[in-house]
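Step one of this worksheet: look at the structure below.
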Amino acid sequence: MQPMEQRRGFEWPNNEEILRRRYGAKPRAANHRAVLNRYAFFKGWLLAFGSWFVTSLTVSIIDTVISPGSAALSLWGLVLMGSFFFAALLGAPVALILAALLRPVRRQWLHVLVFTVGIGGFTWAVFAGLAPDTGALSAVFAAIAGITAGLGRAAVIPDVEIHDDGAAGSAGPATVSEDPQQL
């Protein structure tokens, strides 16, 4: 046995060899991006606002049935118009910012969770800042807004493409994952 061959038998294997032995021969993606198609934002926003529309109408009708002297149903249109402007002027930019920040996250259920908690928390902060003496009403509005935002984000899961930018240790071209949902 030659000294060089003898030395090779005692060398520590490189990281790629260790990972191949441990996880199999399939290379793991190093970088990936979750990208929505161009209509997904509008689809998600319309579903979220539509859910808010139905929920707020249902709550107003229930309040009017429970207490006939309530003005909830008569004020519903005004509240809906105000919430449309909040959703368009505040909610849409926050959703776009969240979508941009969540691009590297592959699991779509995390996107839905962040949208639910993030939009709900943002709604609570805005509502509590504008009307601090309303008590638990701001939390109710925030919960409804968060749930509807999560529903809107969940609706666009089929429209997501996961782009893998090369595998670990290779500089290959970007590929699109076979399973767009990645749940």
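Please give the length that would be gained between Leu130 and Val54 if that part of the chain were fully extended, namely 0.36 nm times their separation in residues minus their C-alpha to C-alpha distance (nm, one decimal).
25.0 nm
What FRET efficiency do you get for Ser70 and Val105 if R0 is 35 Å and r is their Cβ-Cβ distance, rounded to the nearest 0.05?
Computed FRET efficiency for Ser70 and Val105: 0.20.
Which is farthest toward the positive dipole end of segment 64-168 among Leu102, Leu90, Gly150, measuring Cα position about the Cα centre, with Cβ charges +1 (Lys, Arg) and -1 (Asp, Glu)?
Farthest along the dipole direction, towards plus: Gly150.
Tell me, what is the FRET efficiency for Arg22 and Ile97 to the nearest 0.05, using R0 = 35 angstrom and their Cβ-Cβ distance as r?
Efficiency, from the Cβ-Cβ distance: 0.40.
With +1 on each Lys and Arg Cβ and -1 on each Asp and Glu Cβ, how big is the dipole of segment 29-163 about its Cα centre, in debye rounded to the nearest 20?
560 debye
I'd like the carbon and sulfur percentage of the solvent accessible area for segment 52-111, probe radius 1.4 Å, heavy atoms only, ligands and nucleic acids excluded.
It is 82 percent, rounded to a whole number.
The values are calculated or read from the model by the stated rules, or taken from the named source; none is laboratory data. Note that the coordinates shown come from a computational prediction; the quantities given were computed from them, not determined experimentally. Every residue, glycine among them, receives a Cβ derived from its backbone with ideal geometry; neighbour counts consider all protein chains shown. Areas reflect the complete protein model, heavy atoms only, side chains present, ligands, DNA and RNA absent. Shrake-Rupley method; radii C 1.70, N 1.55, O 1.52, S 1.80 Å.
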